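Visitor: Got a structure for you, written out below as structure tokens; questions coming shortly.
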There are 2 protein chains.
Amino acid sequence: METSGRQRPTMADVAEKAGVSRALVSIVFRDQPGASPRTRDRVLRVADEIGYRPDSAARLLARGRSRTLGVMFTVRQPFHADLVEGIYPEAERLGYDVLLSATAQGRGEDKAVEALLGHRCEAVILLGTDAQPMDLDALGHRTVAVSVGRRVPHARVDSVHTAEGKGVRQAMEHLVELGHRGIVHIDGGRGPGSAERRRAYRAAMRRHGLERELRVIPGEHTEQSGIDAGRLLLAERDHGRPLPTAVLAGNDRCAMGLLMTLAQAGVEVPRDLSVVGYDDSHLSHLMPIGLTTVRQDAVLMAEYAVRFAVERLENAVSEPREAVLDPKLTVRGTSGPPPGG
Amino acid sequence: METSGRQRPTMADVAEKAGVSRALVSIVFRDQPGASPRTRDRVLRVADEIGYRPDSAARLLARGRSRTLGVMFTVRQPFHADLVEGIYPEAERLGYDVLLSATAQGRGEDKAVEALLGHRCEAVILLGTDAQPMDLDALGHRTVAVSVGRRVPHARVDSVHTAEGKGVRQAMEHLVELGHRGIVHIDGGRGPGSAERRRAYRAAMRRHGLERELRVIPGEHTEQSGIDAGRLLLAERDHGRPLPTAVLAGNDRCAMGLLMTLAQAGVEVPRDLSVVGYDDSHLSHLMPIGLTTVRQDAVLMAEYAVRFAVERLENAVSEPREAVLDPKLTVRGTSGPPPGG
DNA sequence: GCGCTCTACTAGCGCGCTCCAGTCGAGTAC
DNA sequence: GTACTCGACTGGAGCGCGCTAGTAGAGCGC
């Protein structure tokens, strides 16, 4: 028994065993015209027999193009999971391969992107990048780049995101109609979309004559941030300042953390306090009582991202493009009328 | 302005611009002895200037080895995210590159693995594979394979998993000590570890003289499965059969689904019913009241998996190995004494 | 001077594949 | 018969790199 995996068979092996030239084997495996059905069969059979599989490193090297899209994402970001699930089928449909590279503790965005580029990805799709516009612009000059979830105004980068303003506006209308006035926003710091969401929150508060109630608690797109904000609000309550009646969280994860903290402190949602999230990631349906949130269509966003990348690769699009999708408020169990309202 | 990314610079470009041979550039980039500090500096500077980065496809092709580990995981499986986070640093420490390939809808395990092998991964780490032992054995013959989370008894595959029996036993002791007798298990079907967990559940029930209460509801490792089981139990209650006082879920996701369904029906946890999960994935801390669950140490498991793969690659280990880690019950908010207990 | 070693560097083959420019032979038109 | 077409197939260059064998030149002892 040979040692596992050593000396994998090559085209030459297949060619020899099938009594044809290497080029012919190549033709068969690329599914190109130029081989008779009989030979085609024989080659495929022989290949299967000796366990041949094309080596994509060599393949990449030989043809100029790699037809590979690199995707940078963050493990643990449930919304990214939804996006990745949408990217695979669309890429396959267009004949592209997908390589994933995760950011994680001790593995920053630059490292993840370097890995992708090193593996000859022709384009990079960045999910919720946190990079500086300048760096993104530089990246966009070096390769084709698409940012999902974050607008990148003055860089050579396509972007796909939702109309954050619209989403927030819908959420705010919903809360105001329910009778809420003390609506606090936990923002997403430098996270994707948060600047726009913050701005829309402020605008909505003013529009409804609630500027005196306007309050933004700095945060980020993590559960911890929701927990921290929750603790802050609870501590303030213990010192006499009343709780707000509703909270607009920066995203679903933040909302989750907040809900956990509230539940532990005996604050009942939505009776005592309404909470609205953002993303409608897989998480949202799974909460004991469904999370009221602003839905971003992950599959559609993924498809746009892939198509942007591919079109730019194949048609040499010049101007940076932007896809702005409509979000949609999804009312579930965490929002209701304010206490005493 | 050139079109983006086209014609990336090669070693030859660097060599020419620096006035040295290609080989010397290669030496510099591999950090090998044989170049004077001055030349080294110059080469690196020139490379940076023209934006050269080594092409890993060519690199893979040229040296026999790719030093790349492939990881198959399931997007949406929070525990996999924890594992992936552990894999990166350990692989880097040992000088290996990591390639991720996700299973998703319409992208089965075979497809994901093919992608990895096609990209010349030397070893494949399978997170929670659902493949048949026979197929795994075949894979183990073709390449180095490590299964995380699932035992693979008679196959040429290393495996890393926790002592499921121990974990379940701890959970059961905990529940029995609290006074529970009607303890139902929602199992994980063919999911990783579920056979062992089911067996341990049965054994524990018998050991405590509760064989008459023994009940396994078939399920799988998803939220939906928890939801379905919850609905089943509630429907039965409405037909006069009392609820169990405790449920041991197949994993955390299943527990989540169950909790959601219970909450919607007004069943209060843990007052009316206790729920115990399994995994201690990131999820568990995030629930409004923390989930009592059996902790599997993801980082440790990841490290074992990487080390198994690397050792097998470098030292030609022959026998399949198995790492069995100790799980640990983590008591949080979803378990308490039974109603009236 | 010679022979030796040691460092700094280079020439060139080969990794497994794609792709272009052919070749070869059978078929068709006149 | 010649001239041509067309499908099936082959040869060989080259993708960007790693690596081995080798060279040039400096330094040193005698």
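Visitor: Using the Kirkwood formula on the Cα atoms of chain B, what hydrodynamic radius do you get, in angstrom to one decimal?
Guide: For chain B, inverting the mean 1/r across all distinct Cα pairs yields 22.6 Å.
Visitor: Also, I was wondering about something else. What does the highest-first list of B:166-179, A:113-126 look like by mean Cβ count within 10 Å?
Guide: Ranking the peptides B:166-179, A:113-126 by packing returns A:113-126, B:166-179.
Visitor: A further question on this structure: Using a 10 angstrom cutoff on alpha carbons, build the Gaussian network for chain A and name the most mobile of A:PRO54, A:PRO78, A:PRO320.
Guide: Of the options given, A:PRO54 has the highest mean-square fluctuation.
Visitor: Leaving out same-chain residues fewer than 8 places away, which aspartates and glutamates sit with a Cα under 12 Å from that of A:LYS17?
Guide: A:ASP48, A:GLU49
Visitor: Another question, then. Which residue, B:VAL148, B:THR293, B:PRO337, has the largest displacement toward the positive end of the dipole of chain B when charges sit on each Cβ (Lys, Arg +1; Asp, Glu -1)?
Guide: B:VAL148
Visitor: Continuing with this model, one more query. Between the label point of B:HIS154 and that of the same position in each other copy, find the distances and list them shortest first in nm, with every label point placed 7 Å from Cα along the Cα-to-C-beta direction.
Guide: Ordered by increasing distance: 6.9 nm.
Visitor: Can you tell me which lysines have their Cα less than 30 Å from the Cα of A:LYS166? Leave out same-chain residues fewer than eight positions away.
Guide: A:LYS166 reaches A:LYS328.
Visitor: Something else about it: Can you give the charge dipole size of region B:168-318 about its Cα centre, rounded to the nearest 20 debye, using +1 on the beta carbon of Lys and Arg and -1 on the beta carbon of Asp and Glu?
Guide: Using only the charged Cβ atoms, the result is roughly 560 debye.
Visitor: Residues with beta-carbon under 12 Å from that of B:ARG307, excluding B:ARG307: net charge, scoring Lys, Arg +1 and Asp, Glu -1?
Guide: Neighbour charge sum, excluding B:ARG307 itself: -2.
Visitor: Please express the shape of the protein assembly as shown as an equivalent ellipsoid: the semi-axes are the square roots of 5 times the eigenvalues of the C-alpha gyration tensor, given largest first in whole angstrom.
Guide: Semi-axes from the Cα gyration tensor: 46, 35, 21 Å.
Visitor: Grab the DSSP H runs of chain A that are 4 residues or longer, score each as -39,500 (n - 2.57), total them, divide by all residues and round the 222 nm result to the nearest 500 deg cm²/dmol.
Guide: -14000 deg cm²/dmol
Visitor: Partner chain Cβ atoms within 10 Å, averaged over the residues of B:116-126 - can you pull that number for me?
Guide: The shielding value for this peptide is 3.
Visitor: How large is the charge dipole for the protein assembly as shown, taken about the Cα centre, if only the Cβ atoms of Lys, Arg (+1) and Asp, Glu (-1) carry charge, to the nearest 20 debye?
Guide: Its charge dipole is roughly 720 debye.
Visitor: Between A:GLU16 and B:GLU114, what is the label-point separation in nm under the 7 Å Cα-to-beta-carbon projection?
Guide: Result: 2.7 nm between the two label points.
Visitor: Here's something else I'd like to know. Tally Lys and Arg at +1 and Asp and Glu at -1 over the other residues with C-beta under 14 Å from the C-beta of A:PRO54: what net charge comes out?
Guide: Net of charged neighbours comes to +2.
Visitor: Then there is this: What dipole magnitude, in Debye to the nearest 20, does region A:122-187 give about its Cα centre under +1 on Lys/Arg Cβ and -1 on Asp/Glu Cβ?
Guide: Dipole of region A:122-187, to the nearest 20 debye: 120 debye.
Visitor: Once the dipole of chain B is set up with Lys and Arg at +1 and Asp and Glu at -1 on Cβ about the Cα centre, which of B:GLY219, B:GLY167, B:ALA305 lies farthest towards its positive end?
Guide: B:ALA305
Visitor: Still on this structure: What does the copy distance list look like for B:ARG206, label position 7 Å along Cα→Cβ, in nm and ordered from shortest?
Guide: 7.3
Visitor: Could you check the simple spin-label distance between A:ARG321 and B:GLU211, using points 7 Å along Cα→Cβ, in nm with one decimal?
Guide: Once both label points are built, they end up 6.8 nm from each other.
Visitor: Please check which bits of region B:96-128 a label hung off B:ALA58 would reach, taking the label as a point 7 Å along Cα-to-C-beta and the cut-off as backbone N under 20 Å.
Guide: Only B:119-120 fall inside the zone, counting backbone N under 20 Å.
Visitor: How charged is the neighbourhood of A:THR330? Take every other residue with its Cβ under 12 Å from the Cβ of A:THR330, and add Lys/Arg as +1 and Asp/Glu as -1.
Guide: It works out to a net charge of -1.
Visitor: Moving on. When Cβ neighbours within 10 Å are restricted to other protein chains, what is their mean count per residue of peptide A:94-102?
Guide: The per-residue average across the peptide is 4.
Visitor: Further question: What shape does region B:171-238 have by the C-alpha gyration tensor, where a ≥ b ≥ c are the square roots of the eigenvalues, rounded means a/c under 1.5, and otherwise prolate means a/b greater than b/c and oblate the rest?
Guide: Oblate, since a/c reaches 1.5 and b/c is not below a/b.
Visitor: Relative contact order for chain B: what percent, with Cα pairs under 8 Å and sequence separation of 6 or more?
Guide: 17 percent
Visitor: Could you work out the relative contact order of region B:222-341? I mean the mean sequence separation of Cα pairs under 8 Å and 6+ apart, divided by the number of residues, in percent.
Guide: Relative contact order of region B:222-341: 27 percent.
Visitor: Also, quick follow-up: Averaged over peptide B:311-318, how many Cβ atoms belonging to another chain are found within 10 Å of each residue's Cβ?
Guide: Across the residues of B:311-318, the mean count of other-chain Cβ atoms within 10 Å is 1.
Visitor: I need the inter-copy label distances for A:GLY19: point set 7 Å along Cα to C-beta, values in nm with one decimal, smallest first.
Guide: Those separations, rounded to one decimal, come out as 6.0 nm.
FYI, it's all coordinate maths here, none of it is from the lab. Treat the numbers as computed from the prediction; the structure is a model and nothing was measured. Cβ atoms come from the backbone with ideal geometry, glycine included; neighbour counts cover every protein chain shown.
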